[in-house]
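**Student:** Quick one: the structure is below, questions incoming.
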Amino acid sequence: MYGLLCESLHDFIKESYGDDVWKLVRERADVRLHSFVTHQVYSESVIPRIAKAASGVTGTPYNELMNSWGVYFLGFVGKYGYDRILKVLGRHVRDFVNGLDNLHEYLRFSYPKVQPPTFFCQEESATGVTLHYRSKRKGYLHYAMGQLRQMGKQFYDTDIHVEVLSEQMVGDYSHVTMRLNFDNSAYRYIMKEDEEEQEILPITSDFFFEVFPFNIVFRQDMVVHNVGSGLATVFPDLDGKKINDAFLLARPLVEFTWNMIISHPNNLFEIMSKEPVKRERNLHNRVQMKILLPGMLSTVQDRCLKLKGQMRYMPEWESIIFLGTPVMESLSAMFRTGLYINDLSMHDSSRDLVLAGTQQSEELKRALIQEQKKSSKLEESMKMLDYEMKKTDDLLYRMIPKPVAKRLRKGEPAVNTCEVFPDVTILFSDVVGFTRICSHITPMQVVSMLNTMYTLFDTLSEKHRVFKVETIGDAYMVVAGAPEKTKYHAHNICDMALDMVRSIDHLKDPSNGNHIQIRVGIHSGMVVAGVVGHKMPRYGLHGDTVHTASAMESNGKEMHIQLSSATYEHLKGSHFIFERRGTITIKGNVEIETYWLKGKRDKDGNAQAACPQFENQTISKANISGTEATGNKEGLVSPLASGRDEDDVKSTRSHRIKMDISGHSLKGSMELCRVEKMSVHKAHYKDALQDGLQDPHLGLDSPESDGRDCIMESPDSSCDSRCSKSATCSVS
């Protein structure tokens, strides 16, 4: 399969469906090449793989896609000037169709290894013609039908209706019979001319045979009765043998029988000798051949003689005469078959074609070598470009979800990517005592500790199919249910939380060598997610659900996972193990019931604790082990029960810490920390309620807030208090 066809299919897909579709098709078809060289031979499987992949990617039926490609091909070959050959193939549509089988012969010098299909016509009438199509390749029928229709429109301004009559396998060939219906008025005119009597000049057979030195005359029994003088020099014993015993029929793709030959009067026949040409040479000739053609190793097939020409029935002789000429790709091929220029007919262009074809062949070889070198360099450049683009895409998709990034690439405004997600689950986590740790280690140790921890969490986020929103200092935020919606968002987040608590036990506190401890908070509800702004775009979440999830973490305990009742409702009847904590107050006067996520049961019902310290506790078989909450009233947790230092309250919750890496201590750097407190003001909070952003599971009695960020924790907690989470440009 020559690259001309591969390149045309490549251009057809790119022009019809776009570059992005072509990339997907190339990947699905496992085609690593970015472009094709027109005169280079490729695997026969390339085009079927590309066509099937294109059909799957675009949703276009395979036959319809092949038909459209056939229509496109006639315009494509115009770039190489082949449309001029098509225009002069015939004066009428019938002439074009009758000569269709010979089309590829005209391109033999440019594409010597071409393996074309066979076309022959029967049952011609004023309304059309029956066309037989034979090919070793399967799946190209509709491609050929598209070409026939486009040929009629483009060159003859005629509509051709193609009707498939039959399709069958004959040996290794696909044989299709189709009826071409069109206005064939030229047929009447030609039939009228044939009926008129014309004066025929007499000519002797000897003169006729001299004009055609490579003729073969054989009768119905296929026995040869006459051989031309040129052919007799290389096959002196051919006379008296059956022609189908001495030669193979290469074209057309039919049986080599009398009836088949009679039924194909308009086809070009190509035959090849079964035995290689035998020439007697003396020692001088052998030495001369080695001098002229050093290192030339000819195969048996190279030394077989190929002839092409027309088979004509001669009623006066009751015989068929084959008027052929040798097929010589080069002067070397002529020498191997034992022929010389003077053996060819001097009355036609055979001698000129051999000499001109040799020159053209050498020029084509040089041009092909140059084209292959350019193609190789282009291929290397395209591979490097693909590699760099893949690296760029990977980096982009780590910051922005792939569907959102594609929309931004198409030029959509960033605000258009914002979307309301009615139900997602958000997780916040932070390091207990992060301020104390930072005050005892260097900035680079802080960076190393956070990198180790976040790398671990990033791996877990990919495992549980959750999206990492961002990190702020020691705070880590992920979401499930956005940007990819799923009804198991709460389950995925809880699995992530359990793995986070289990895995963090292996990390050490660089300040004292103890285990690092984290707090985790989870809440479910509605958010608005998308990209806002132009510079340093990030995919962010906005809404009251974000603040509530942050409060679940800031009011939690070390190595505990606290979740809201909204999340708990999603997990009823699951394998997760909970313990009711009680009611806590957030945002000043908002009461919310919370639960501890203690672990999860496996398929056998065995409990798996969230962290080692839970293994010493008794976990009930029930989903909830009721506990009496301690507090001021109805299980309400006292806001300042732990009595911690006020400076700890203002530490790293919702901060962006700008560390001076050049220093050896964070004491000086901590003085430069910018504290961005996120206070829920009355006006903002009322607007949120009016816009429907309030989580329906919270059940608030009053929308009013005192504008303060209250810090809640249980009396037995040893966690340092934190403020509300703030994620500028990502969390609001």
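**Student:** Return the loop-located trypsin sites (Lys or Arg not before Pro) in the range 9-85 (DSSP other than H, G, I, E, B) with at most 13 other Cβ atoms within 10 Å of their own Cβ; answer none if there are none.
**Tutor:** Values: sites: Lys14, Lys23, Arg26, Arg28, Arg32, Arg49, Lys52, Lys79, Arg84; in loops: Arg32.
Taking the range 9-85 and a limit of 13 other Cβ atoms within 10 Å, the loop trypsin sites (Lys or Arg not before Pro) found are Arg32.
**Student:** What is the calculated FRET efficiency for Ile203 to Asp239, with r their C-beta to C-beta distance and R₀ = 30 Å, to the nearest 0.05?
**Tutor:** Working from the Cβ atoms, E equals 0.85.
**Student:** While we're looking at this one, here's another question. In nm, to one decimal, how far is the modelled label at Lys383 from the one at Lys87, with both set 7 Å along Cα→Cβ?
**Tutor:** Those two pseudo-labels are separated by 4.2 nm.
**Student:** Please identify every one of the GluC sites (Glu not before Pro) in the range 1-54 that sits in a loop by DSSP and has no more than 16 other beta carbons within 10 Å of its own beta carbon.
**Tutor:** Details: sites: Glu7, Glu15, Glu27, Glu44; in loops: Glu44.
Within the range 1-54, the qualifying GluC sites (Glu not before Pro) (loop, at most 16 other Cβ atoms within 10 Å) are Glu44.
**Student:** Label Lys410 and Gln40 with points 7 Å out from Cα along Cα→Cβ: what is the distance between them in nm?
**Tutor:** Roughly 3.4 nm, to one decimal.
**Student:** Given a cut-off of 23 Å, name the pairs among Lys87/Lys373; Lys14/Lys406; Lys79/Lys153; Lys390/Lys410; Lys468/Lys603; Lys79/Lys390 whose C-alpha atoms lie farther apart than that in the structure shown.
**Tutor:** Lys87/Lys373; Lys468/Lys603; Lys79/Lys390
**Student:** Just flag the trypsin sites (Lys or Arg not before Pro) in the range 463-554 sitting in loop per DSSP whose Cβ has no more than 16 other Cβ atoms within 10 Å. Please list the in-between numbers first.
**Tutor:** Details: sites: Lys463, Arg465, Lys468, Lys485, Lys487, Arg502, Lys508, Arg519, Lys535, Arg538; in loops: Arg465, Lys485, Lys487, Lys535, Arg538.
Qualifying residues, ordered by number: Arg465, Lys485, Lys487, Lys535, Arg538.
**Student:** For the range 234-250 and the range 411-485, write down the distance between their C-alpha centroids in whole Å.
**Tutor:** 83 Å
**Student:** By its C-alpha gyration tensor, with a ≥ b ≥ c as the square roots of the eigenvalues, how is the range 474-588 shaped: rounded for a/c under 1.5, else prolate for a/b larger than b/c, else oblate? Spell out each step's value before the answer.
**Tutor:** Numbers: a/c = 1.58, a/b = 1.17, b/c = 1.35.
Oblate, since a/c reaches 1.5 and b/c is not below a/b.
**Student:** Tally up the carbon and sulfur contribution to the accessible surface of the range 84-135 as a whole percent, 1.4 Å probe, everything protein left in place. Walk me through the numbers before you get to the answer.
**Tutor:** Working: 1210 of 2320 Å².
Roughly 52 percent, rounded to a whole number.
**Student:** Now for a separate question. Restricting things to alpha carbons, tell me how big the range 1-127 is in terms of Rg and Dmax, in Å.
**Tutor:** Looking at the range 1-127, its Cα Rg and Dmax stand at 16.2, 50 Å.
**Student:** Continuing with this model, one more query. Set the Förster distance to 22 Å, then compute FRET efficiency between Lys153 and Val114 from the Cβ-Cβ distance, nearest 0.05.
**Tutor:** Numbers: r = 26 Å, r/R0 = 1.17.
The value I calculate is 0.30.
The values are calculated or read from the model by the stated rules, or taken from the named source; none is laboratory data. Computed from a predicted structure; not experimentally measured. Cβ: placed from backbone, ideal geometry, glycine included. Neighbour counts: every protein chain shown. For the accessible areas, the whole protein counts, side chains as well, though only heavy atoms, and no ligand, DNA or RNA atoms are used. Shrake-Rupley method; radii C 1.70, N 1.55, O 1.52, S 1.80 Å.
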